[in-house]
Amino acid sequence: MTPRPTTLPLPIMLFALTAIVGLFLVSGSILWVLAALALLILASYVLRVRLPQTWLPSLLFAGVLIGIAIMGTPQDGPTTPAMIGTARGTFLFGQAAAILLTVQFYRPNASDPSRPGLFVLFGGVLTLIAACNSFDQHYLQELLPLAAVLAALALRSVRGHITPSKLTVALLIPALGVALVIGWASLRVVRENSERLTEWGNRFMNERPQPELMGISQQPSLGPTFGARGTNARVLRLIGTPRIPHLRGVAYETYSEGRWWPTVTSRSMIPIDPEQLSLSIPRNSTPNRVSVTRLQNSDSLIFFPLETFTLELGEAEQMEWSQESSGPVRVRAPQPYTYLYQEVREGFQGLMALPGLRTPADRSAHLQLSENLTEALLPLATQITKNARTPQAKVDAITTYLLENYPYSLTFSPPSLPTDFGADPTDRIVAKQSGRREVDMLQRFLLANPKQGAHCEFFASSAAVLLRCVGVPTRYVTGYFAHEQESANSLIVRQRDAHAWCEAWIEGKGWVTVEATPPTGWPDADKSSIEMWRQAWEGFEDAWQRLLVFLAYRDPTQLALLAIIPFVGIGLGALWQRRRHTRLAPALNTFLPPPNLAELAHRFEALLPSLPPSEPWSERLDALPEDARPVAKRFVALYQQARFGGMSADSLGMEAVLMELEVALLQPRSGTR
Amino acid sequence: MVGYPASKDINQHPYYQGPAGQWVWRFYHFRFTRTGRWFLGLTGLVVFILVLFWNLDTQTIALSLYTLGLWFVSLLAFLPLSVRATLRHAERVTAGETLQAEVTIENTGRLPLPDLTVQGWGLPLKVDALPEDGIRLGFLRPGESRTHVFPLACRGRGAFVLGGCRVLSDFPFGLLQSYRVQPLPSRLIVHPVFHPLTRFSLPSGRRFQPGGIAMASQVGDSFEYLGNREWREGDNPRDIDWRATARLTGAAGAPLVVREWREEYFLRVGVVLDTHVPPSSTSSKRMMLRELQERLPGGSSSEMRLFALESAISLCAAVSDALARQDYIVDIFAAGPKLYHLMAGRSLAYREQILDILACVESSQEEPLSQIAPRLFEELDRLTTVICIVLDWDEPRRQFVESLRQRGVGVKVLLISETAVPADADMEVLSPSVITAGGVESL
């Protein structure tokens, strides 16, 4: 009687069946191949047929089953369950995993009995992964705890535990219970907080979680330190050759008590029609196309120069802008998000320069100043611009005044003025109660004697306010100063490149950028190098992003294939190692020459000078006497032809050459008389 | 990391030599079971897919959380293992045999210990525990002890120290294991395997052999009877052969006849073992090219050379055994890593000592004959024959053998090679594979 074939332990079989049933239910009972696989698994406990140990029959068997599965899997249709990616790809992946585990029931491994069980576990989990890709429950809520229990028992049986005692069983049952309760409770917590977790996850995967690290605050306020001073973290990557370094993000109109208004969050945003974001190409201008990739996505702002005439926002979930203050443009989009802008020459009235100051109300909004401030700064502004007749001349005069008279400093120590009550908050309260006026931070900066250094927010605000004093409409702008070359064709913008400047309205010209910060305060003056760890991290981030992009454009079938590749690689590597290990000696023997050639080679070797064994013949021939070398070379050629040239060995000819060589070596040398 | 059993001595791992690397290796092998490592990979895959798509509306999150639940309970269920182990085994065994060691585990704690397993710990590379992943002990109540046979397969010869054993429990799911190492260092000598020779003929030297050790080791042992002769003055009267004298009595002046005896000596034979295995150079492109293009007889790779060395040691054991059985005294000379010289034969250290020495011999990257020669030449006056077991036949070896012959010693060269041809009459070429298979019965 034929001996009973090896079968896998019961928990392993039950786990495999549970995984297959799970996928079958998720498919809506259309994958009849899975039912056949389940029957095949059950049949393995009755049938005595087993596959041989070699790979080929198993591969053929699995290949046939996969072929049937491909034919039996319908295309996606209206009744197909909702899944991430195509359902057909997921089903094929799951069926392939189920086939992998089914084959194991017919392929016992005598040398490693636990291996088929491990493969069943592997295939079972992959099948469950495919099943769990579904958005619908399909009894999975009940099936998964059962699968977890069976997986735990299967893990024990794979390990080859001896029959457990009653006490072990008594301990095992609560352990399983605790595992299930932990899984169930944590699932419940996740379900209750799914929105928050989804947001966190999206941030982790696509965005940075700290908006303030963008270097752009919601509202600029003048303080002793530069509020927008950022770290070396990357924010944007510009691909192309941008000509204008000032990438504006947000413009502010109203200045009051050291702050610019309105805040970003308080602006009313309206959806953008993408056609609104394109102007006709100006005459006699060569457009410059720049692609910007957002590396941090905290507040979804878009940065581009004032001179941009076309903005292509690509595929985004939500696009909106605030027209009342000439921006900002805000786009919500999944990472990696890339947009394009086209810029022309400096001074061109781009998208954010329009529609301009068309009404008196617009003009007065950009000339807004408090009475106190106007009263305090008007004498200075008038004095600076006393010789300037045109708005442009006034802009130049005030810019020159600021550049020439004030140094740049990242910190500003507010001095006390004669009419002041100091910068201390307590003093301010006391002073206010006593009816004294509070002195604005800009007054402290502009009217201090001796003059003190400050950061770009002070220079930009000073320029804006002084120009307003002399009747030139201005607005305060925050954004980035792009300068760091990453490669020949790309620039990197970091948080530390955050900058502030102002824009002035020149009649007949429109809005122009006014840079009043001394060059030593421009972000490109910061020569400090990027930390080593950050460079390494950035390299990793780029690689990760490339991987995400690569994976994002693959369909589930391709993803499944990609997931399989490492396992195939590991398998092939293991096979190769095993084969190399077991066949090393025979393989080496195949390198050996046939006996007749070996004898000739041995004799030839004996005639050569003794050198280390790693020296090939060709290098040893140089040590032979000159008259013997041609003969030796002839022997080597004959030997190589016979050994590797596919020719039959001419033993007699080689013998003759060898004797000729021996004679040549025996002859007295001309130099040894 | 994969493929190096957890029962082996980590210090002999080819890569994990530093403390950090060894910690990682121990953590991976000692804390995770094999199934645990597989399941860890699967859990990683599930979590990776979850993070990749990050959509909590699919059921992947449920699968991930139940899987993590199993891991969490496995972590919670770490048991403090209070156990005591003892290990007993024979001190000597032959390569290829399985040593039946005996291990006793006692639960010295107050808690019952489920799913107990005992594994080897710190075993040498050539000694494998059977089965490699340990012997299941099952459940052990407090105070209970259990004794199991602990088979150790000795794959190669050597003098080893067995580290001890590791008692572990992978309760509840066989994913993680709590363990306690029981260092029980013990010595184990694995003798080389050899097939005894039925006949071994020796070439004799031209010299008179003056030295040697008397065969009679105690008073009363018989001497060699040479013949009868006439009595001379001073002969022991007890040696008079009265029967022979009686047969000659009829003749006039018939002399007394005495029996003549001769003291008998063992002949001493030197056995020189070549242990030279050049450093592996297959990593160099040049050597690889040479291996592929011009693989020559004798120019073997390191693996083949080591195989030849093992065969040579096996043959050396067989030759020494045959000589010692034929009333020869054998002087074994071997170098690697240090110089060994052992005199063995009847009434002296015999097979066990020879095998002990041969168990310890290792390959030498330096030319060993230069170390052996001075010691051998000191003893050469008392040696009749020298047997050289060499792995190569090149100029230094040829000169070495020639210098022995010039001193009048009979020399027999046994060249261990698959493909070499004999260079002279007193040389025999023996294939390593034939020696290993026991195909050499007489020499």
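General remarks:
- Taking region A:450-492 as the range and being assigned to a strand (DSSP E or B) and not polar (S, T, N, Q) as the test, the residues that pass are A:454, A:475, A:476, A:477, A:479, A:480, A:481, A:484, A:486, A:491, A:492.
- Per the conditions (1) out of contact with any helix residue (DSSP H, G or I) (no Cβ under 6 Å at 6 or more places or on another chain); (2) closer than 19 Å to residue A:15 by Cα; (3) facing another protein chain (nearest Cβ under 10 Å), the sole criterion not satisfied by residue A:128 is (1).
- From B:96, B:44, B:21, residue being modelled with pLDDT of 90 or more and either more than 9 Å from chain A (Cβ to nearest Cβ) or surrounded by 14 or more Cβ atoms within 10 Å (Cβ to Cβ) (or both): B:44
Rundown of residues vs (1) touching a residue at least 40 places away in the same chain (Cβ under 8 Å); (2) over 23 Å from residue B:442 (Cα atoms), yes/no style:
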residue	(1), (2)
B:354	no, no
B:358	yes, no
B:365	yes, yes
B:371	no, yes
B:389	yes, no
B:393	yes, no
B:397	yes, yes
B:411	yes, no
B:415	no, no
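- Residue pairs meeting the criteria (Cβ under 8 Å; at least 6 apart or on separate chains; first within 17 Å of residue A:597 (Cα to Cα), in region A:642-671; second modelled with pLDDT of 75 or more and part of a loop (DSSP other than H, G, I, E, B)): A:642/A:650
- Meets criteria (more than 7 Å from every other protein chain (Cβ to nearest Cβ) and either under 39 Å from the mean Cα position of the chain (by Cα) or at pLDDT 95 or above (or both)) for residue A:179: no
- Condition check for residue A:235: within 29 Å of residue A:358 (Cα to Cα), hydrophobic (A, V, I, L, M, F, W, C) and in contact with a strand residue (DSSP E or B) (Cβ under 6 Å, 6 or more places away or on another chain): no
Yes/no matrix, rows are residues, columns are (1) in a helix (DSSP H, G or I); (2) surrounded by fewer than 19 Cβ atoms within 10 Å (Cβ to Cβ); (3) within 12 Å of chain B (Cβ to nearest Cβ):
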site: A:98; (1), (2), (3): yes, no, no
site: A:108; (1), (2), (3): no, yes, no
site: A:137; (1), (2), (3): no, yes, yes
site: A:149; (1), (2), (3): yes, no, yes
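- Residues within region A:161-176 that are more than 7 Å from chain B (Cβ to nearest Cβ) and either modelled with pLDDT under 90 or surrounded by fewer than 16 Cβ atoms within 10 Å (Cβ to Cβ) (or both), tallied: 7
- Of all residues making up region A:182-217, the number that are outside any helix (DSSP H, G or I) and either at pLDDT below 70 or facing another protein chain (nearest Cβ under 8 Å) (or both): 7
- Scanning region B:74-93 for residues that are touching a strand residue (DSSP E or B) at 6+ places or on another chain (Cβ under 6 Å), over 19 Å from residue A:150 (Cα atoms) and within 14 Å of chain A (Cβ to nearest Cβ) gives B:78, B:79.
- Subset of region B:24-35 (residues that are out of contact with any helix residue (DSSP H, G or I) (no Cβ under 8 Å at 6 or more places or on another chain) and within 9 Å of chain A (Cβ to nearest Cβ)): B:33
- If you go through region B:381-428 and pick out every residue that is within 14 Å of chain A (Cβ to nearest Cβ) and assigned to a helix (DSSP H, G or I), you end up with 5.
Conditions (1) surrounded by fewer than 19 Cβ atoms within 10 Å (Cβ to Cβ); (2) facing chain A (nearest Cβ under 10 Å); (3) at pLDDT 75 or above, marked per residue:
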| site | (1), (2), (3) |
| --- | --- |
| B:269 | no, no, yes |
| B:273 | no, no, yes |
| B:280 | yes, no, no |
| B:290 | no, yes, no |
| B:293 | yes, yes, no |
| B:297 | no, yes, no |
| B:304 | no, yes, yes |
| B:308 | no, no, yes |
| B:316 | no, no, yes |
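- Of the residues making up region A:57-73, one or more are more than 30 Å from residue A:6 (Cβ to Cβ) and free of Cβ contacts under 8 Å to residues at least 12 places away in the same chain.
- Test: residue in region B:207-222 that is exposed (fewer than 13 other Cβ atoms within 10 Å of the Cβ), hydroxyl-bearing (Ser, Thr, Tyr) and either more than 30 Å from the chain's Cα centre (by Cα) or at pLDDT below 90 (or both): yes
- Subset of region B:47-73 [facing chain A (nearest Cβ under 7 Å) and touching a residue at least 40 places away in the same chain (Cβ under 8 Å)]: B:70, B:73
- Of all the residues in region B:156-177, those that are within 14 Å of another protein chain (Cβ to nearest Cβ), touching a helix residue (DSSP H, G or I) at 6+ places or on another chain (Cβ under 9 Å) and not acidic (Asp, Glu) number 8.
- Number of positions in region A:239-267 that are within 33 Å of the chain's Cα centre (by Cα), more than 13 Å from residue A:477 (Cα to Cα) and not in a strand (DSSP E or B): 9
- Of B:85, B:6, all but one fail to be out of contact with any Leu (no Cβ under 8 Å at 6 or more places or on another chain) and either in contact (Cβ under 8 Å) with a residue 40 or more places away in the chain or within 30 Å of residue A:173 (Cβ to Cβ) (or both); the exception is B:6.
- Counted as qualifying within region A:516-616 are the helices (runs of 4 or more DSSP H) with 3 or more residues that are touching a helix residue (DSSP H, G or I) at 6+ places or on another chain (Cβ under 9 Å) and modelled with pLDDT of 80 or more, namely A:556-582, A:595-607.
- Given (1) over 39 Å from the mean Cα position of the chain (by Cα); (2) surrounded by 16 or more Cβ atoms within 10 Å (Cβ to Cβ); (3) aromatic (Phe, Trp, Tyr), index of the condition residue B:38 fails: (1)
- Test: residue in region A:442-456 that is closer than 27 Å to residue A:394 by Cβ, surrounded by 13 or more Cβ atoms within 10 Å (Cβ to Cβ) and polar (S, T, N, Q): yes
- Residues of region B:128-147 include at least one that is part of a strand (DSSP E or B), within 30 Å of residue B:306 (Cβ to Cβ) and in contact (Cβ under 8 Å) with a residue 12 or more places away in the chain.
- Looking across region A:503-541, just one residue is in contact (Cβ under 8 Å) with a residue 12 or more places away in the chain and on the phi > 0 side of the Ramachandran plot, and that is A:510.
- Taken together, B:103, B:118 contain a single residue that is within 14 Å of chain A (Cβ to nearest Cβ), touching a His at 6+ places or on another chain (Cβ under 8 Å) and surrounded by 21 or more Cβ atoms within 10 Å (Cβ to Cβ), which is B:118.
- First in region B:28-45 and free of Cβ contacts under 8 Å to residues at least 60 places away in the same chain, second anywhere and of a type in the set (Lys, Arg), Cβ under 8 Å, 6 or more apart: B:28/B:37
The values are calculated or read from the model by the stated rules, or taken from the named source; none is laboratory data. Here the structure is a predicted model, which is why all the values come from computation and not from measurement. Positions of Cβ are generated from backbone atoms using ideal geometry, with glycine treated the same way; all protein chains shown enter the neighbour counts.
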